[in-house]
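Written below as structure tokens is the structure these notes are about.
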Amino acid sequence: MYEAIIISLTVLVLVLASFGFRLYQTTHGLRARYAPIIDADAELASVKDQVSRATQGHQAFLSESNHLRVELTQEYARARATYETLTREISLLEENLEDISFGLYRPHFTFQTSEEYKTQLETLRNRERQLIHEGRAALCSLQWTVGGSAREGARMARQNMKLVLRAFNGECDAALTKVAWNNITKMEERVRKSFDAINKLGSVLQVSITDEFLHLKLDELRLTHEYEEKRRQEQEEQRSIREQMREEEKAQREMEKAREEAEREEARFEKALQRARAEAALATGEQVQGLNERIQSLEGQLEEARRQKERAVSRAQLTKSGHVYIISNIGSFGEHVYKVGMTRRWEPMDRVKELGDASVPFPFDVHAMLYSENAPELENAIHRFLDQRRINLINARKEFFQVTLDEIEKFARDRGITIEFTMLAEAKEYRETISRREQRAIPSVQETEKFPPTLFGNADNIGGSGGDA
């Protein structure tokens, strides 16, 4: 019986061994057959694992980068703000034109003369001294004691107030010496900055300058600026009056000279006529006819000399008579820019030639020359009509206008004034210069950009004097 069991178990083991061997062979074959797929799955799992780790690292890197970017952005914003603050404060101390803001200053006072400004300025400074004397220019908000003594504490407070006032007054005086038409707003800001800085330094001792004193100092700064501007305007007006007087004197001398020349011509022709008549009375034959023709010619010349004398006397008596001229200079100022002026000269072209002297590169072209017995009134009427076309809106003595001749002609026609216009500007020297430049070489891009739209400048650089007498 045991033998049967042993045999059965042996057979079972052999069967299982055979089955296991076949299973191994099958598995080995399958593994050999499908090894690439098995390896790919393993590789895919490995790659997925690596990608997962890389993604986690990348996300950590991005998070750290974003955090760093935010920190750098905040640091840049702080540095930029500090830079702009320092630049603004430095610009208050510098006088570079590039840093100056050319904003329009609105006057705070309406005095008519520089003397009124000067009087008000002295009154303002007296108020400042009074405020200091009354102890209202600076304050100490804390009652100090020194060594247990309130009296010594009060003395220390007065000394500290005097110290901050001296510092503030020094800053204000520096601003007063530098104030000009193009930096008044910066000087105001500089005074306010000094006020804030000094009060901040005095905050430890509870000492500060009062707002009332600050406003007085700002008024002093503005008043000083407006006083200097009013003085400049008055000096300009005086210069204009002196120039007008010189032109009046020159015109009077010219008319007197013309009258004297006309009188000399009249006397000369009268003397020649008397001599011709005397010779004709004694002449005979063919001489009589020749002398009569000469007498007739001399009588015409004498009549013309008398008319010249009458015109000279009449011009001298009419103190407002003169010529209104309309001239251009396209080589200097460009197209459609005209000067409308007035002269009382006997020969108005002399004035035009003076305007085209060394102050401009080319001579002026005359488009119209109108005689009027009240030339200043006619000139002012044209100026009022063209007021919005002025090149220089600040100085009315710069009589240049950006306009067309058709507009001026329409104005004259509406007023019933007959003006013969020369519409085309000859500009002989300018056109010859352009032609010569083109013959030599074509201008470079830099040259054309440097001098647009004319050869030597544009209408914004227009100079010239004011109206003539």
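Quick note: the coordinates plus some simple rules give every number you see, no bench work behind them. What you see is a predicted model, and the numbers here were worked out from it, not measured in a lab. Positions of Cβ are backbone-derived with ideal geometry, glycine not excepted, and every protein chain shown enters the neighbour counts.
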For region 322-461, the Cα-Cα pair-distance distribution in 5 Å bins from 0, as whole percents, is 2, 9, 18, 22, 20, 13, 8, 5, 3, 1, 0
Here the gain from full extension of Arg436 to Ala150, 0.36 nm per residue of separation minus their alpha-carbon distance, amounts to 94.0 nm
Sum of side-chain charges, Leu273 neighbourhood, beta-carbon under 10 Å (Lys, Arg +1; Asp, Glu -1) | +3
Which net charge results for the neighbourhood of Asn199, defined as the other residues with beta-carbon distances under 13 angstrom from its beta-carbon, given Lys and Arg at +1 and Asp and Glu at -1?
-> 0
Please compute the net charge surrounding Tyr338, taking Lys and Arg as +1 and Asp and Glu as -1 over other residues with Cβ under 11 Å from its Cβ.
-> -2
Spacing of the two label points (7 Å from each Cα toward its C-beta) at Gln74 and Met349, in nm = 8.2 nm
Report, ordered by chain and residue number, the lysines lying within cross-link reach of Lys118, taken as a straight Cα distance under 20 Å and ignoring same-chain residues fewer than 8 apart.
-> Lys178, Lys217, Lys230
Past 21 Å, Cα to Cα, is the threshold; run Lys257/Lys320; Lys250/Lys428; Lys250/Lys320; Lys353/Lys428 against it and keep the listed order.
-> Lys250/Lys428
